[in-house]
Amino acid sequence: MGVVFEEDASGAWNEMFSSPGQPRPIYERLLADINAYQPQELRLRSEQLARTFIDRGVTFAHSGEERPFPLDLVPRILGALEWDRLARGIAQRVRALEAFLADVYGEGRIFDEALMPRRVITSSPHYCRAAFGITPPNGVRIAVAGIDLIRDEHGNFCVLEDNVRIPSGVSYVIENRRAMTQAFSALFSDHRVHPVDSYPSRLFAALLAAAPAKALEPVIVVLSPGVFNAAYFEHVLLARMMGVELVEGRDLVCRSNHVYMRTTNGERAVHVIYRRVDDDWLDPLQFRPDTVIGVAGLVNAARAGNVVISNGIGNGVADDKLIYTYVPEFIRFYLGEKPLLDNVETHRLDDDEVRAEVLGQLARYVIKPVDGSGGKGIVIGPRATTTELKALHKAISAAPRNFIAQRPVALSTHPTFVGEGIAPRHIDLRPFAVNDGEDVWVLPGGLTRVALGEGELIVNSSRGGGSKDTWVLNDESIPFRGAVPPASARSRRYAGPPRQNDEYIFEQGEQ
Amino acid sequence: MSERLGLAIRHHTGFTYDGLAKASYNEARMTPRSLGTQQVQSSRITVRPSVPLSSHVDYFGTLVTAFDIQETHPQLEVEATSQVESWAATLETPLDWRALRSERLSDRFSEFLLPTHRTALVGAITDEIATWQKLSDVHECVETASNFIRGEVSYVPGATTVSATAQEAWDRRKGVCQDITHVTIGLLRAMGIPARYVSGYLYPATEPEVGDVVEGQSHAWVEYFSGTWTGIDPTNGVRETQRHIIVGHGRDYDDVAPLKGIYQGPESTQLGVLVEIRRTH
């Protein structure tokens with residue numbers, strides 16, 4: 001027995017152990033592998049992981065300094081069956097959100113059916129009237145979605161929030177796997193892990209499918225706000241892995257509703273823009289006139305059908321946390337299906353009765369601003385001071401539409417290497433879905449974020465979180481112990497992207 | 001009230017630059033569309049320098065002409081001409097307050113009930129509301145509010161800028177039609193009456209002669225929902241007449257600005273707005 005596993009006293013669902021010392025079957029092999037290491041060796045490997053990230057510039061800005069994004073050496077494992085259920089739930093959610101966006105920027109059937117008050121939409125700051133009448137050629141407004149999941153005390157996955165504007169973090173998934181295969185290649189020969197490196201080609205295919213029909217050889221670009229953006233590393237990585245140009249606003253020009261890219265060989269028409277620039281900054285004619293990172297005329301070029309902006313303009317309305325509470329209804333209404341994934345129990349504070357009840361016992365809820373991201377503005381009632389709760393009470397009473405209340409969920413924990421040994425830490429999961437108009441594909445695994453502080457519940461990197469390589473096993477029914485799967489079925493060593501020395505910062509501005 | 005006016009409208013506006021402008025992107029909302037009180041027989045927009053134009057109908061139903069000018073230019077001119085037949089709506093019996101405030105209607109018109117930063121009003125002005133709301137007839141209530149504002153806020157061109165809010169105009173008790181419209185909208189919404197901003201033209205002659213060309217105005221007034229959308233012109237203290245030609249609707253001015261744009265280059269000066277209207281029949 002090597003490293004010491006600290007017992008989990010949090011009461012939360014433990015991902016690895018069903019009871020103290022008793023690993024869940026899917027983790028048995030991993031546990032044995034980890035136990036084979038001496039603590040010093042694990043520390044060395046952990047340092048090696050950190051070094052890989054610093055060497056490759058995989059850092060993020062935290063409290064004003066560049067730090068490597070901590071990758072924990074204990075991977076998170078999801079079984080094939082469980083993953084299949086999750087992936088179907090995520091795909092279902094993305095299809096419902098697509099239908100919802102098409103509806104609110106079109107006919108508005110949901111209001112006619114009185115399933116949702118119109119004012120929920122018209123009062124959302126992200127409802128973009130300038131996007132009204134823009135019809136994507138293949139119907140896709142959500143080429144990429146990041147659906148944040150947590151596992152509750154009973155082991156059920158539920159959706160915490162939807163990110164269908166410019167979800168970021170997929171580069172961590174790719175980089176984490178790359179680093180882990182280097183530092184712990186032995187673990188990968190013992191497990192058949194679904195690869196994650198097909199993401200860029202999936203995204204490229206989806207963007208190609210989104211192109212205007214009249215574009216015979218569609219030109220795709222990645223539009224970045226530039227090197228100072230927190231996720232610039234990701235923009236560079238995706239552009240490079242897709243083999244498309246990375247551009248900034250100043251590289252593009254609109255003329256008569258067509259978009260062109262300035263190149264050394266003159267101008268070249270652009271047909272699909274995978275943009276990592278927020279709506280507000282995208283087109284100074286429609287939104288903030290002072291933007292220097294956007295492209296004037298882009299919205300009308302999209303309306304004219306000459307270019308596709310992906311993800312769609314105005315998608316933010318679907319990320320609004322008040323609108324999130326209606327997603328299960330969207331699934332029933334638009335798809336005629338039963339939701340496969342539940343929301344976290346959430347209360348709508350624009351309802352007078354509900355608000356009165358929540359305000360009466362604020363300390364029992366988690367209160368979130370409807371348009372916050374990166375963990376900003378969240379108050380965890382049971383941990384808040386009286387002063388904080390008073391201020392919150394006032395803020396909610398003044399603008400009830402701006403907040404939602406949720407049941408505090410003890411996020412599941414996962415054994416995590418924390419220097420002295422291995423201890424439970426809270427985690428969440430952000431899977432990434434790609435919609436090509438025919439099918440919603442979910443990248444196996446996604447980004448597991450871990451709150452590194454003991455007992456800490458907010459996992460965002462901007463709050464000092466780290467991440468874990470997330471494994472979806474190819475087929476859990478195949479017994480690994482003592483049986484070597486045929487070479488053709490075994491996972492391959494991951495060949496990383498051919499790139500070096502890019503800066504990596506995270507969060508801030510992106511989702 | 002069934003008199004039909006045939007009007008030929010010419011609306012000319014633009015900018016001149018202290019030098020040369022380029023990379024200019026614009027949207028003009030200067031073209032009337034056929035509606036319940038008007039029929040548009042023809043319309044066209046001319047832009048100088050001459051460039052390709054594209055058009056679409058926006059979220060609020062207004063016809064938008066979009067264009068961009070890449071080449072350098074000392075001046076931008078936009079001229080909209082249209083031939084419109086216009087008539088006055090008959091005043092329908094209004095809904096009662098209970099029906100108007102029903103959940104269904106207040107939700108349907110939520111965006112014409114919520115204040116915008118242009119229409120929001122706070123302070124003593126809102127005290128008047130309680131008295132007006134006692135009037136059982138919604139039309140009468142709106143007229144009373146409109147007359148009150150007309151009595152309080154003087155029409156003083158130049159007293160406010162194009163970016164003024166209702167509150168600023170109210171505090172100064174001065175403004176132009178845009179401001180008086182914003183104040184009225186703010187008060188109607190505060191009373192729970194859905195109200196929207198109307199951008200358009202006013203044919204000023206009360207006794208119009210066929211063939212006369214008169215200087216018209218780019219004008220703004222209010223429509224409120226009382227079972228149907230009903231127009232009232234608080235600046236002139238009248239209901240919407242056949243002399244009011246509608247170009248577009250919005251929550252406030254910002255949704256229907258006649259010409260909005262951005263460009264690269266030196267400071268600009270507005271050319272001034274010229275509206276000429278000729279009665280054709």
For residue A:370, state whether it is in contact with a strand residue (DSSP E or B) (Cβ under 9 Å, 6 or more places away or on another chain), closer than 13 Å to residue A:160 by Cα and buried (at least 18 other Cβ atoms within 10 Å of the Cβ).
yes
Just name the residue that is nearest to the chain's Cα centre (by Cα) out of those in the range B:207-232 that are polar (S, T, N, Q) and over 13 Å from residue B:277 (Cα atoms).
B:230
Looking only at the range A:251-306, and only at residues there that are acidic (Asp, Glu) and more than 22 Å from residue B:22 (Cα to Cα), the one that is farthest from the other protein chains (Cβ to nearest Cβ)
A:278
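For the range B:71-87, indicate whether the set of residues that are of a type in the set (A, V, I, L, M, F, W, C), surrounded by fewer than 22 Cβ atoms within 10 Å (Cβ to Cβ) and without any contact (Cβ under 8 Å) to a residue 60 or more places away in the chain is non-empty.
We begin by selecting, within the range B:71-87, every residue of a type in the set (A, V, I, L, M, F, W, C); these are B:76, B:78, B:80, B:84, B:87.
Filter again for surrounded by fewer than 22 Cβ atoms within 10 Å (Cβ to Cβ), leaving B:87.
Then drop every residue that is not without any contact (Cβ under 8 Å) to a residue 60 or more places away in the chain, which leaves none.
No, that holds for no residue.
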Members of the range A:327-355 found to be touching a residue at least 60 places away in the same chain (Cβ under 8 Å) and within 21 Å of the chain's Cα centre (by Cα), listed by number
A:327, A:330, A:331, A:339, A:340, A:341, A:342, A:343, A:344, A:345, A:346
Would you say residue B:115 is touching a residue at least 24 places away in the same chain (Cβ under 8 Å) and either aliphatic (A, V, I, L, M) or within 14 Å of chain A (Cβ to nearest Cβ) (or both)?
yes
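State which residue is nearest to the other protein chains (Cβ to nearest Cβ) when the search covers only the range B:93-109 and only residues that are in contact with a Gly (Cβ under 6 Å, 6 or more places away or on another chain) and surrounded by fewer than 19 Cβ atoms within 10 Å (Cβ to Cβ). Working first, answer last.
Step one: of the range B:93-109, the residues in contact with a Gly (Cβ under 6 Å, 6 or more places away or on another chain) are B:94-95, B:101.
Okay, now just the ones that are also surrounded by fewer than 19 Cβ atoms within 10 Å (Cβ to Cβ), so B:95, B:101.
Numbers: B:95: 19, B:101: 14 Å.
The extreme case among them is B:101.
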From the list B:133, B:38, which residue is without any contact (Cβ under 8 Å) to a residue 60 or more places away in the chain and either surrounded by 15 or more Cβ atoms within 10 Å (Cβ to Cβ) or away from chain A (no Cβ under 14 Å) (or both)?
B:133
Check off (1) without any contact (Cβ under 8 Å) to a residue 24 or more places away in the chain; (2) in a helix (DSSP H, G or I) for residue B:161 and give me the number that stays unchecked.
(2)
Inspect the range A:50-71 for any residue being modelled with pLDDT of 90 or more and not in a loop (DSSP other than H, G, I, E, B) and give the result as yes or no.
yes
Examine the range A:158-169 for a residue that is surrounded by 21 or more Cβ atoms within 10 Å (Cβ to Cβ) and out of contact with any strand residue (DSSP E or B) (no Cβ under 8 Å at 6 or more places or on another chain), and state whether such a residue exists.
yes
Say we look at the range B:222-281 and pick out the residues that are of a type in the set (Phe, Trp, Tyr) and out of contact with any Pro (no Cβ under 7 Å at 6 or more places or on another chain); which of these is farthest from residue B:181 (Cα to Cα)?
B:263
With respect to residue A:129, is the statement that it is out of contact with any helix residue (DSSP H, G or I) (no Cβ under 7 Å at 6 or more places or on another chain), surrounded by fewer than 20 Cβ atoms within 10 Å (Cβ to Cβ) and more than 26 Å from residue A:276 (Cβ to Cβ) true?
no
Exclusive hit being modelled with pLDDT of 95 or more and surrounded by fewer than 19 Cβ atoms within 10 Å (Cβ to Cβ), set B:228, B:235
B:228
Per-region count, the range B:58-92, residues assigned to a loop (DSSP other than H, G, I, E, B), at pLDDT 95 or above and more than 14 Å from chain A (Cβ to nearest Cβ)
2
In the range A:1-38, what residues are modelled with pLDDT under 85 and over 29 Å from the mean Cα position of the chain (by Cα)?
A:1, A:2, A:3, A:4, A:5, A:6, A:7
Say whether the condition of being farther than 30 Å from residue A:24 by Cβ and part of a strand (DSSP E or B) is met by at least one residue in the range A:369-388.
yes
Specify which of the listed residues (B:246, B:232, B:277, B:262) is within 14 Å of another protein chain (Cβ to nearest Cβ) and part of a strand (DSSP E or B).
B:262
Those residues of the range B:174-191 which are within 14 Å of residue B:161 (Cα to Cα), buried (at least 24 other Cβ atoms within 10 Å of the Cβ) and more than 12 Å from the chain's Cα centre (by Cα), in sequence order:
B:175
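The values are calculated or read from the model by the stated rules, or taken from the named source; none is laboratory data. These numbers were taken from a predicted model, which means no experiment stands behind them. In this analysis, Cβ positions are derived from the backbone assuming ideal geometry, glycine residues included, and neighbour counts consider all displayed protein chains.
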